[in-house]
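Participant: Take a look at this one; I'll ask things after.
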Amino acid sequence: MRQKMEAVLCFESSDKGLPKIVRDYRARYRAISQVLDANRQVLTAIHKDLQELSQGDTTGRGGDYTSENILRALIVQHCEGLSFRDAVIRIGSEPFLQDFLRMRKKVVMDFSFLDKCFLVIEPETWKRVNELLGRYGVAQRAVSTNVIRTDTTVVESNIHYPTDASLLWDTWRVASRLLKRAREIVPASCTHRFHDRKVKRLYLYVTRYMPSKSESRQRKVKAEFRLLIERTGWIVAIAREFCATAAAQGSSALATVALELKAYLPSMETAVATARRAQIEGETVPASQRVFSLFEPHTELIKRGRREKPVEFGHKVLLCQTGEKFITDYEVYEKQLPDGNLTESVIKRHEKLFGTRPEVLAADKGFCPAAAKFAELAEQVDTLAIPRRMQDFADKVLAHWQAFRAGIEGTISGLKRAFRLIRCFFQGFRSFSAAVGLGVLCHNLIVLADHASN
């Protein structure tokens, strides 16, 4: 059974003679440690999830690391903006960080173990932890929730730019790889030959000459695209037949391959179907009916009207922030909603978290709902600082609150640059949501730590 924490005397190292930047660096971690010590409920919430990773054995042996060690290691990893491997190297080479983790001279955990620990913590737990910190900040008068600002951003999934041709090639190579592995296990399970190089040549030809303006070249591209779709559809049909018959072979290794292939099948079938509709039938396929990655099928296409980046592939994230830059609320949407539909939920969740509605809610023009709903929401808060028309920016009061609203843009930039939220490198929507929650937690810890230091 994993221990929750150990009584450890920490921060015995002296800062004497160190440069100011190092002293400030250590002072921030000491302040973060004080915030965590003052919020034992945070550790309790994380401990409940980590218990599932270590239930002990028949000899009664517990886990090598306490839940406190693991939580603080995850905080270091995100605050430093490092991968799990680099974070473990940094902790192992810095006695001060080992002191922050309260390791008691233990050998630093392996990076793969730290990864498993992160994956076992539920996204709802990170959300609960951030709510606990918000209430603590209000109790300490470090956070004032009367005035809030809100905005949305996009955290991208870790995928390549999706085109019909690239998705077809992904489908072919994954299906071919898994079917060949199955043939090595049971030769009779798949008797087909797969011409990988021929299909790759088709994909490269289509990709290379698709932008060409030559009519003869475009006819050739269309013919090659049709052939690529037919061959990819053929291997998907073989994969579907293999998954249906693999269980009857009586091989556990073969069943494992079939299970992995079966997880990809829905995305493979969608990729082939949408490519046929778009490239052969000339139909405009809506984004809601497409898949943008075999490996991250939850990914959405999001258009926010940005000139330098017209489309983004990931998920919309809502952030609500106070004037002290503390993020009181966040939400990761598996299916995106228009910003105008989120305003009411922001007010309701704020009231649920802190018992009162905000006095001022500042947001950009995209959060403006329909006229009837705007009037209803304007009665719930003293100042609904959301412009409805361009003329509204001439109003001095609204202009003041719009300047206040702009402050959240810097926080969004900081989350992306410093806390690895520009792109999520975890697989699946659950881990995607958890990564956003951990990034928000680290940001909030630094805000509270800086307040305690001042």
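The values are calculated or read from the model by the stated rules, or taken from the named source; none is laboratory data. No experiment lies behind these values; they were computed from the predicted model shown. Cβ atoms come from the backbone with ideal geometry, glycine included; neighbour counts cover every protein chain shown. Quick note on the areas: whole protein, heavy atoms, side chains included, nothing else; ligands and nucleic acids left out. Shrake-Rupley method; radii C 1.70, N 1.55, O 1.52, S 1.80 Å.
Participant: Looking at (1) surrounded by 19 or more Cβ atoms within 10 Å (Cβ to Cβ); (2) farther than 25 Å from residue 410 by Cβ, find the lone condition where residue 334 falls short.
Facilitator: It fails just one condition, (1).
Participant: Follow-up. Go through 76, 108 for me and flag whichever is out of contact with any strand residue (DSSP E or B) (no Cβ under 9 Å at 6 or more places or on another chain), open to solvent by 10 Å² or more (accessible area, probe 1.4 Å), among the β-branched types (Val, Ile, Thr) and under 21 Å from residue 6 (Cβ atoms).
Facilitator: 108
Participant: Can you tell me how many residues within segment 280-312 are part of a strand (DSSP E or B), under 18 Å from residue 429 (Cβ atoms) and aliphatic (A, V, I, L, M)? Can you show your working first?
Facilitator: Of the residues in segment 280-312, the ones part of a strand (DSSP E or B) are 300-303, 311-312.
Remaining after also requiring under 18 Å from residue 429 (Cβ atoms): 300-302, 312.
Still in the running and aliphatic (A, V, I, L, M): 301-302.
So the answer is 2.
Participant: Does segment 127-153 hold any residues that are crowded, with 23+ Cβ neighbours inside 10 Å and of a type in the set (A, V, I, L, M, F, W, C), and which are they?
Facilitator: Of everything in segment 127-153, those that are crowded, with 23+ Cβ neighbours inside 10 Å and of a type in the set (A, V, I, L, M, F, W, C) turn out to be 129, 133, 143, 148.
Participant: Is it the case that residue 211 is open to solvent by 60 Å² or more (accessible area, probe 1.4 Å) and within 30 Å of residue 261 (Cβ to Cβ)?
Facilitator: On the way: open to solvent by 60 Å² or more (accessible area, probe 1.4 Å): yes; within 30 Å of residue 261 (Cβ to Cβ): no.
Judged against the criteria, residue 211 is not a match.
Participant: Scan segment 404-421 and give yes if some residue there is in contact (Cβ under 8 Å) with a residue 12 or more places away in the chain, part of a loop (DSSP other than H, G, I, E, B) and open to solvent by less than 30 Å² (accessible area, probe 1.4 Å), otherwise no.
Facilitator: yes
Participant: Here's a follow-up. Which number in (1) out of contact with any Lys or Arg (no Cβ under 7 Å at 6 or more places or on another chain); (2) surrounded by 17 or more Cβ atoms within 10 Å (Cβ to Cβ) marks the one condition that residue 197 misses?
Facilitator: (2)
Participant: Report, by residue number, each residue of segment 155-169 that is more than 16 Å from residue 276 (Cβ to Cβ) and surrounded by 22 or more Cβ atoms within 10 Å (Cβ to Cβ).
Facilitator: Within segment 155-169, 155, 157 meet the criteria.
Participant: Let me ask you something else. Which members of segment 92-105 meet the condition of being touching a residue at least 40 places away in the same chain (Cβ under 8 Å), open to solvent by 70 Å² or more (accessible area, probe 1.4 Å) and either part of a loop (DSSP other than H, G, I, E, B) or polar (S, T, N, Q) (or both)?
Facilitator: 104 - this is the single residue of segment 92-105 that is touching a residue at least 40 places away in the same chain (Cβ under 8 Å), open to solvent by 70 Å² or more (accessible area, probe 1.4 Å) and either part of a loop (DSSP other than H, G, I, E, B) or polar (S, T, N, Q) (or both).
Participant: In segment 79-91, what residues are part of a helix (DSSP H, G or I) and either in contact (Cβ under 8 Å) with a residue 24 or more places away in the chain or open to solvent by 40 Å² or more (accessible area, probe 1.4 Å) (or both)?
Facilitator: 79, 84, 85, 86, 87, 88, 89, 90
Participant: Could you tell me which residue of segment 424-434 is farthest from residue 131 (Cα to Cα), considering only residues that are modelled with pLDDT of 95 or more and crowded, with 23+ Cβ neighbours inside 10 Å?
Facilitator: Looking at residues that are modelled with pLDDT of 95 or more and crowded, with 23+ Cβ neighbours inside 10 Å, I get 432.
Participant: Let me ask you something else. Would you pick out the residues in segment 379-398 that are open to solvent by 40 Å² or more (accessible area, probe 1.4 Å) and of a type outside the set (Ser, Thr, Tyr)?
Facilitator: Result: 379, 380, 382, 388, 389, 390, 391, 393, 394, 395, 396, 397.
Participant: Sticking with this structure for a sec: Would you check which residues across segment 129-143 are assigned to a loop (DSSP other than H, G, I, E, B) and farther than 17 Å from residue 355 by Cα and list them?
Facilitator: As a first pass, look at segment 129-143 and keep what is assigned to a loop (DSSP other than H, G, I, E, B): 140-143.
Hit for segment 129-143 is 142, nothing else.
Participant: Looking only at segment 366-375, filter to residues that are in a helix (DSSP H, G or I) and surrounded by 13 or more Cβ atoms within 10 Å (Cβ to Cβ); which one of those is modelled with the highest pLDDT?
Facilitator: So the residue we want is 367.
Participant: Now a separate question. How many residues are more than 20 Å from the chain's Cα centre (by Cα), without any contact (Cβ under 8 Å) to a residue 60 or more places away in the chain and assigned to a loop (DSSP other than H, G, I, E, B) when one looks only at segment 313-365?
Facilitator: 2
Participant: Quick check: anything in segment 115-128 in a helix (DSSP H, G or I) and either without any contact (Cβ under 8 Å) to a residue 24 or more places away in the chain or of a type in the set (Ser, Thr, Tyr) (or both)?
Facilitator: Yes, the conditions are met somewhere in segment 115-128.
Participant: Further question on the same structure: From the list 157, 112, 67, which one is polar (S, T, N, Q) and within 20 Å of residue 415 (Cβ to Cβ)? Let's see the steps before the verdict.
Facilitator: Values: 112 fails: within 20 Å of residue 415 (Cβ to Cβ); 67 fails: within 20 Å of residue 415 (Cβ to Cβ).
Among 157, 112, 67, only 157 is polar (S, T, N, Q) and within 20 Å of residue 415 (Cβ to Cβ).
Participant: Looking at (1) hydroxyl-bearing (Ser, Thr, Tyr); (2) under 27 Å from residue 305 (Cα atoms); (3) open to solvent by 50 Å² or more (accessible area, probe 1.4 Å), find the lone condition where residue 343 falls short.
Facilitator: (3)
Participant: Applying the selection to segment 135-178, what residues are farther than 30 Å from residue 380 by Cα, over 25 Å from the mean Cα position of the chain (by Cα) and among the hydrophobic types (A, V, I, L, M, F, W, C)?
Facilitator: Scanning segment 135-178 gives 165, 168, 169, 172, 175, 178.
Participant: Among the residues of segment 11-42, what is the count of those that are at pLDDT below 90, surrounded by fewer than 16 Cβ atoms within 10 Å (Cβ to Cβ) and not small (Gly, Ala, Ser)?
Facilitator: Within segment 11-42, residues that are at pLDDT below 90, surrounded by fewer than 16 Cβ atoms within 10 Å (Cβ to Cβ) and not small (Gly, Ala, Ser) number 4.
Participant: From 112, 157, which residue is of a type in the set (Gly, Ala, Ser) and either farther than 23 Å from residue 342 by Cα or modelled with pLDDT under 95 (or both)?
Facilitator: 112 is the lone residue from the list that is of a type in the set (Gly, Ala, Ser) and either farther than 23 Å from residue 342 by Cα or modelled with pLDDT under 95 (or both).
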